[in-house]
Amino acid sequence: MEKETHYTEELLRGILENSYDIIYRLNMKSDRFDYISPSSQFFGYDPEEIKERGINRILEFVHPEDKDRLYEGFNIVTESVDVSSSVEFRLKNREGGYRWMSDTRSLVRTDDGKAVAIVGTIRDISREKQAEEDLRKAKKQLESKVRERTASLEEANTALRVLLKKREEDLKEIEEKIQLNVKELVSPYIDRLKKTGLDEAQKSALQMLESNLEGIVSPFIRSLSTQYLKLTHTEIEVANLVKQGKSAKEIADLLNMSPRTIDTHKYHIRKKLGLKSKKTNLRNYLLSFS
């Protein structure tokens, strides 16, 4: 029994004296430490020096903002029957700097249940706290960058919407000017030419000129060529004349092609517009673009 007891004591002493954590026993009657492990030397304090101090003097080493929390932790233990508590606080070392510590403590009772002491373990958690602080700062910086990026994108989107609106207004203004110029500066001369003695070839050329001119300023042509970019220039001309109600022969005469060629163009137009296998009338479909 003596050998076993000696072995157990040596084992416990080895654990206590080689632990990096500070292990202590606080006598509740005297409010002094019965035991402080040698690891307290890591923070510049000799165990015997600490044992000579009362708990109130030890609290002088605790950060002012953490003293109330440390007091509260001790009260929870002493006022409860079987409870352990843990509290985090900052402890000043000999150099004057503070390190974050975690104190976990519980009561020691006699056989009759009387609380006589508090035993606890104080662990240095400065690295964990620093990691938490670094993570918090990184998160804050990331959130700030996200807000800045979002604000920047919103500003860019606003500027883009303004530019697009201005572009639409400019295009509309240009369109109106072109239509007005054609109506006032070109159309009157075409009407005069119609009243002169033109032969059939000249009439056909003049009609073709008028048709193409109308096509240039026609919203139908722009919408058709924009939505269906696969249509060739000739197919767009044929589509415009079909929309005007021209027959295949009339279109052939205007474009100086054979009716069969016009039918081929109309076939390609229906195919490209997705009307190949449908009974939809081509002219009615094209009129929907007006």
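The values are calculated or read from the model by the stated rules, or taken from the named source; none is laboratory data. Keep in mind that what you see is a predicted model, and the values were worked out from it rather than measured. Don't worry about glycine lacking a Cβ; one is built from the backbone with ideal geometry, like all the others, and counts go over all protein chains shown. The protein model used for the area step is the full one, side chains on, heavy atoms only, and it has no ligands, DNA or RNA in it. Shrake-Rupley method; radii C 1.70, N 1.55, O 1.52, S 1.80 Å.
Share of region 100-213's accessible area from carbon and sulfur, percent, 1.4 Å? Accessible surface attributable to carbon and sulfur in region 100-213 totals 55 percent. The heavy atoms of H268 offer some 70 square angstrom of accessible surface to a 1.4 angstrom probe. Separation of region 225-285 from region 116-138 is 81 Å, based on Cα centroids. When V238, V146, V182 are compared by accessible surface with a 1.4 Å probe, the order from highest to lowest is V146, V182, V238. Calculated accessible area for the chain comes out at 69 Å² per residue, all protein chains present (probe 1.4 Å; ligands, DNA, RNA ignored). Counting only protein heavy atoms and using a 1.4 Å probe, the accessible area of T261 comes to about 50 Å². Within straight-line reach of K140, meaning a Cα separation under 17 Å, sit the following lysines at least 8 residues removed in sequence or on another chain: K129. Figure note: L275, L142 ranked by solvent-accessible area, largest first, 1.4 Å probe, ligands and nucleic acids not counted: L142, L275.
Label positions at K279 and L142, each projected 7 Å from the Cα along the C-beta direction, are separated by 6.3 nm. The phi torsions of region 239-254, fed into the Karplus equation with coefficients 6.51, -1.76 and 1.60 and a -60° offset, translate into couplings of 4, 5, 6, 4, 4, 6, x, 6, 7, 4, 5, 5, 5, 4, 5, 5 Hz, rounded to whole numbers, with Gly and Pro shown as x. The angle separating the long axis of helix 126-181 from the principal Cα axis of greatest extent in the chain is about 10 degrees. Taking the structure as given and computing log10 I(q)/I(0) by the Debye sum over Cα atoms at q = 0.07, 0.08, 0.16 Å⁻¹, which label from (i) -0.54, -0.58, -1.23; (ii) -0.33, -0.43, -1.29; (iii) -0.23, -0.30, -1.42 fits? Recomputing log10 I(q)/I(0) by the Debye sum over Cα atoms at q = 0.07, 0.08, 0.16 Å⁻¹ here picks out (i). Does anyone have the angle between helix 259-272 and the longest principal axis of the chain? Alpha-carbon axes, 0 to 90°, nearest 10? Roughly 10 degrees between the two axes. Taking trypsin sites (Lys or Arg not before Pro) across region 103-202, the ones in a DSSP loop with at most 16 further Cβ atoms lying within 10 angstrom of their Cβ are K114, K195. Rolling a 1.4 Å probe over the protein chains gives F33 an accessible area of about 20 Å².
Across the chain, the mean sequence separation of Cα contacts (distance under 8 Å, 6 or more residues apart), normalised by length, yields a relative contact order of 10 percent.
The H on the amide N of L273, modeled in the peptide plane, is under 5 Å from the matching H of no residue at least 5 residues off or on a different chain. Karplus-derived 3J(HN,Hα) values for region 208-213, using 6.51 cos²θ - 1.76 cosθ + 1.60 with θ = phi - 60°, are 5, 4, 5, 5, 5, 5 Hz; glycine and proline are entered as x. Counting only residues at least eight positions apart within a chain, or on another chain, the lysines with an alpha carbon under 20 Å from that of K114 are K29.
For R53, which sequence-distant residues (separation of 5 or more, or a different chain) have an amide H within less than 5 Å of its own amide H, given hydrogens modelled in the peptide plane? Answer set, sorted by chain and number: none.
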